Amino acid sequence: MEARRQPDVPVLDIGDGIGAVVVRLAIPPVSGELFACRLGERSEQVHTGVAWRRAGGGGWFAVFPHVPAGDYSLLTERGEEFAPFAVFGGRVTELEVNHTGPRSG
């Protein structure tokens, strides 16, 4: 995957009942996107691009800038839940994942 350059400081839209999620990945997904859903609700997914950023020593990051508070999970490229996490209003949830699940193909 070719590295897309992004601003080092993403704009987040958080506040009452809305949080954000920043995910640092050891390797980017083949699709270049990361998907998430509320726990147990895989039919309603959100996604964001994965980009190389210099912040935090550099690495692959995905930013979900506007997420309603609740319990979520990242999804593998096959749509399977892994890496559950919670989002709280007015806060940034930070995750670090070493894989993005089984590779499709």
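The values are calculated or read from the model by the stated rules, or taken from the named source; none is laboratory data. The shown structure was predicted, so the numbers you read here are calculated from the model rather than taken from an experiment. Neighbour counts run over all protein chains shown; Cβ positions are idealised from the backbone, glycine included. Side chains included, ligands, DNA and RNA excluded: accessible areas come from the protein's heavy atoms. Shrake-Rupley method; radii C 1.70, N 1.55, O 1.52, S 1.80 Å.
Judged by the gyration tensor of its Cα atoms, with axes a ≥ b ≥ c, the stretch 42-83 is prolate; a/c meets the 1.5 cut and a/b is the larger of a/b and b/c. Net charge dipole, the stretch 1-94: roughly 340 debye, given to the nearest 20, about the Cα centre with Cβ charges of +1 for Lys and Arg and -1 for Asp and Glu. Using a probe of 1.4 Å on the protein chains alone, the accessible area found for residue 34 is around 0 Å². Given in Å, the Rg to one decimal and the Dmax to the nearest whole number for the Cα atoms of the stretch 12-53 are 12.1, 34.
Per the Debye calculation on the stretch 20-105 with a single equal scatterer at every Cα and no solvent contribution, log₁₀ I(q)/I(0) for q = 0.13, 0.19, 0.22, 0.26 Å⁻¹ amounts to -0.37, -0.80, -1.07, -1.45.
Per-residue 3J(HN,Hα) values for the stretch 34-51, derived from phi via the Karplus relation 6.51 cos²θ - 1.76 cosθ + 1.60 with θ = phi - 60°, read 10, 10, 9, 8, 5, 3, x, 10, 5, 6, 10, 9, 10, 9, 8, x, 9, 9 Hz in sequence order (x marks Gly and Pro).
Multiplying the residue separation of residue 78 and residue 33 by 0.36 nm and subtracting their alpha-carbon distance yields 15.0 nm.
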